[in-house]
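Written out below as structure tokens is the structure these notes cover.
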Amino acid sequence: MKLILLTTLAALAAAVSLAAVAQSAPNAQTVRVTANSYSFTLSAKPKAGAVKFVIRNVAEDDGHDIWIRGGGKTWKSRTLGPNRAATVTATLKKGVRYSFWCSIGSHAKKGMRGSFVAR
């Protein structure tokens, strides 16, 4: 009986969590981020509010990740192998400068970094 109750409670908690995630960013701006050998390209200037960063590593031989920091918050992706993608959803504040970089080896020093101000 206790096992059934615990299983039911766990399923209910998971459903509530998924519903909250689905509702948290339905109108999020999508910014595609292309990670190449020592460069990032953003498809648009991120706006204030919910932003879904879709990061794709198009480099053939490098692993990349992305870290985004600003407004007292930090978000990061997992390390992406060649032709792999990940999504990072962030809530940006208007007028705040955000920095982004690849934390792998010396990639940031070689040019995999940048910044933007959320408008």
Q | Residue count for the range 35-44, restricted to those that are in contact with a strand residue (DSSP E or B) (Cβ under 8 Å, 6 or more places away or on another chain), surrounded by fewer than 16 Cβ atoms within 10 Å (Cβ to Cβ) and either touching a residue at least 60 places away in the same chain (Cβ under 8 Å) or farther than 12 Å from Trp101 by Cα (or both) | A | 3
Q: Please go through the range 35-66 and pick out each residue that is assigned to a loop (DSSP other than H, G, I, E, B) and not charged (D, E, K, R).
A: Ser37, Tyr38, Ser43, Ala44, Pro46, Ala48, Val58, Ala59, Gly63, Ile66
Q. Among the residues of the range 67-74, is there at least one that is in contact (Cβ under 8 Å) with a residue 12 or more places away in the chain, of a type in the set (Phe, Trp, Tyr), outside any strand (DSSP E or B) and open to solvent by 60 Å² or more (accessible area, probe 1.4 Å)?
A. no
(Q) What's the total number of residues in the range 45-62 that are open to solvent by less than 40 Å² (accessible area, probe 1.4 Å) and modelled with pLDDT of 95 or more? (A) 7
Q.
If I filter the range 13-21 for residues that are under 26 Å from Val117 (Cα atoms) and either at pLDDT 90 or above or open to solvent by 50 Å² or more (accessible area, probe 1.4 Å) (or both), do I get at least one hit?
A. yes
Q: May I ask you to list the residues in the range 75-118 that are open to solvent by 60 Å² or more (accessible area, probe 1.4 Å), outside any strand (DSSP E or B) and touching a residue at least 60 places away in the same chain (Cβ under 8 Å)?
A: Lys110
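The values are calculated or read from the model by the stated rules, or taken from the named source; none is laboratory data. Values in this document were obtained by computation on a predicted structure and should not be read as measured data. Note that we place each Cβ from the backbone using ideal geometry, even for glycine, and neighbour counts take in every protein chain shown. Just the protein is used for accessible areas: all its heavy atoms, side chains included, with ligands, DNA and RNA removed. Shrake-Rupley method; radii C 1.70, N 1.55, O 1.52, S 1.80 Å.
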